[in-house]
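Student: Okay, handing you the structure first.
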Amino acid sequence: MTYTSSTVRVPDVSAVPRHIAIIMDGNGRWATQRRLPRVAGHTRGLDAVRSAVDACARRGVEYLTLFAFSSENWRRPVDEVSFLMRLFVTALEREIGKLHANGIRLRVVGDLSMFDKKIQDLITRAETKTAKNTRLTLTIAANYGGRWDIMQATRKLVEESVAAGSPVEVNENAFAQHLAMAYAPEPDLFIRTGGEQRISNFLLWQLAYTEFYFTDTYWPDFDADALGRAIASYTERERRFGRTSAQLEPQSQNADSLPC
Ligand code: IPE
Ligand code: IPE
Ligand code: MG
C-alpha cells in the first residue's frame with residue numbers, strides 16, 4: 001500500500017487522526033525540576049511511551065510515530081547518550097512481547113548503521129516478530145533526522161537512475177516512496193511536549209499539511225488525558241489543504257487534485 005502525497009491529492013480526513021507523530025520533549029527538565037539527574041526523566045519518559053501506545057491503540061489511531069533520538073542528540077554528554085542507548089535496548093528486550101500480544105507492529109526508522117550491532121539485531125528481531133500485526137503501527141525514530149531522510153531518498157533515486165542507465169522519473173509520489181516511512185500516510189497530528197515550538201529536524205517532508213499541537217507539559221507527565229486534549233484540539237481544526245472553507249461544505253464540488 002502506498003499513500004499519495006497531500007500536495008498532489010487531498011487526503012481523506014477522519015475524526016480520529018490516523019497518524020500521530022510526537023516529539024517527546026522535556027524529560028531532562030522534568031527531572032531537574034525534581035532535583036533528579038536528567039536520565040531519571042528518560043526512565044519516566046518510557047512509562048509515558050507505554051501509556052501513549054496504549055491510549056492510541058484504544059482510540060483507533062493506526063500509526064503512532066515517536067521521536068526517541070535525533071541525529072543531533074549525539075551532541076549530548078557521552079554519559080547521557082550511553083544511558084539512552086541502554087534504555088533503548090532494555091525497552092526493546094522487555095516490551096516487545098507485550099507489544100506483539102497487543103497486535104502492535106513495531107518499526108524503527110533512522111540511520112541505524114550508527115548503532116551497535118546488538119541494537120541493530122534487536123531491532124530486526126522485533127520488527128520481524130511484529131511484522132504482521134495490524135492494530136497499530138508504532139514507529140520509533142532513532143538517529144533520525146528529516147534531512148537525513150530526504151538525502152537517503154534522493155540517493156536511492158540517483159542509484160536507481162545509474163542502474164537504469166537514464167534518469168528515473170522524479171515526482172512527489174515517487175520521492176515519498178523512498179522515504180523511511182513510505183509505509184505510513186503523512187501525519188494528521190503533530191504533538192510536541194515540553195514547551196518548545198520547533199520541528200528539530202523531525203519529519204520535514206511529511207509535515208507539510210499536518211496539524212500542529214504544542215503543550216508545555218513535560219513528556220513524563222503526558223498521560224492519556226493529555227493525549228485526549230491534543231486529539232480534541234485536532235478535531236476542531238478545519239483542514240483545507242489549500243482550498244476555501246466554502247469548498248469544504250458537503251454540497252460543494254471539491255477540486256481535490258491540482259491541475260496538471
Ligand atoms: C527528550 O527530552 C528526550 C530526548 C531528546 C532523548 P530532553 O532530554 O530533550 O529533555 P529537555 O528538553 O532537556 O528537558
Ligand atoms: C528533539 O528534542 C528530539 C527528540 C525528542 C528525540 P531535543 O530536545 O533534542 O530538541 P532541541 O535540541 O531542543 O531542538
Ligand atoms: Mg529537549
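Values in this text are rule-based calculations from the coordinates and carry no lab data. Predicted model only: the values in this text are computed from it and were never measured. Here the Cβ is made from the backbone with ideal geometry for all residues, glycine too, and neighbour counts use every protein chain on show.
Student: Sorted from fewest to most neighbouring beta carbons within 10 Å, what does the list 22, 104 look like?
Tutor: Sorted ascending by nearby Cβ count, the order is 104, 22.
Student: So how compact is segment 28-105: Cα radius of gyration and Dmax in angstrom?
Tutor: Both quantities, over Cα of segment 28-105: 14.0, 39 Å.
Student: With an 8 Å Cα cut-off and a minimum separation of 6 or more residues, compute the relative contact order for the chain in percent.
Tutor: So the answer I get is 29 percent.
Student: Let me ask something additional. Please order 100, 42 by the number of other Cβ within 10 Å, starting at the fewest.
Tutor: The order, fewest Cβ neighbours first, is 100, 42.
Student: Let me see the P(r) profile for the chain: every Cα-Cα distance counted, bins of 5 Å, each bin given as a percent of all pairs.
Tutor: 1, 5, 12, 16, 18, 17, 13, 8, 5, 3, 1, 0, 0
Student: Per the Kirkwood definition applied to all pairs of different Cα atoms, how many angstroms is the hydrodynamic radius of segment 57-206?
Tutor: 16.9
Student: Right, another one. Lysine pairs in segment 84-144 8 or more apart or on different chains: how many have alpha carbons under 20 angstrom apart?
Tutor: 4
Student: Quote the Stokes-Einstein diffusion coefficient, in whole µm² s⁻¹, for segment 29-74, based on the Kirkwood radius over alpha carbon pairs, a temperature of 10 °C and a viscosity of 1.306 mPa s.
Tutor: Value of D from the Cα-based Kirkwood radius: 129 µm²/s.
Student: Only four residue types carry charge here, +1 at the Cβ of Lys and Arg and -1 at the Cβ of Asp and Glu. Report the dipole size of segment 73-177 about the Cα centre in Debye, rounded to the nearest 20.
Tutor: Charge dipole, segment 73-177, about its Cα centre: 480 debye, nearest 20.
Student: Hey, another quick one. Taking amide H positions as placed 1.01 Å from N in the peptide plane, with prolines and chain starts having none, which residues 5 or more places from residue 108, or on another chain, fall under 5 Å of its amide H?
Tutor: Here the answer is 140, since their amide H atoms fall under 5 Å of that of residue 108.
Student: Compare the Cα positions of 87, 67, 213 along the charge dipole of the chain (+1 at Cβ of Lys, Arg; -1 at Cβ of Asp, Glu; about the Cα centre) and return the one farthest towards the positive end.
Tutor: Working it through, the farthest residue towards the positive pole turns out to be 87.
Student: Using each residue's phi in segment 85-92, evaluate 6.51 cos²θ - 1.76 cosθ + 1.60 at θ = phi - 60° and report the 3J(HN,Hα) Karplus result to the nearest Hz, with x for Gly and Pro.
Tutor: Taking θ as phi minus 60°, the curve returns 5, 5, 5, 5, 4, 4, 5, 4 Hz for segment 85-92.
Student: Related question: Calculate, in nm to one decimal, what residue 7 and residue 198 gain on full extension: separation in residues at 0.36 nm each, minus their alpha carbon distance.
Tutor: My answer for the length gained is 66.6 nm.
Student: Would you kindly compute the Cα radius of gyration of segment 204-249 and its largest Cα-Cα separation (Dmax), both in Å?
Tutor: According to the Cα coordinates of segment 204-249, Rg and Dmax are 13.8, 41 Å.
Student: Considering only DSSP beta bridges whose two residues both sit in the chain, what percent are antiparallel, to the nearest 5?
Tutor: 5
Student: Okay, next question. With θ set to phi - 60°, apply the Karplus curve 6.51 cos²θ - 1.76 cosθ + 1.60 along segment 157-172 and write out the HN-Hα couplings as whole Hz, x wherever there is a Gly or Pro.
Tutor: 5, 5, 5, 5, 5, 5, 5, 7, x, 7, x, 6, 5, 10, 9, 4
Student: So which GluC sites (Glu not before Pro) in segment 191-256 are both in a DSSP loop and have at most 10 other Cβ atoms within 10 Å of their Cβ?
Tutor: Here the GluC sites (Glu not before Pro) that fit, given the DSSP loop and packing criteria, are 236, 238.
Student: If you don't mind, another one. Could you work out the relative contact order of segment 59-133? I mean the mean sequence separation of Cα pairs under 8 Å and 6+ apart, divided by the number of residues, in percent.
Tutor: About 31 percent, as a whole number.
Student: Can you give the charge dipole size of segment 17-68 about its Cα centre, rounded to the nearest 20 debye, using +1 on the beta carbon of Lys and Arg and -1 on the beta carbon of Asp and Glu?
Tutor: 220
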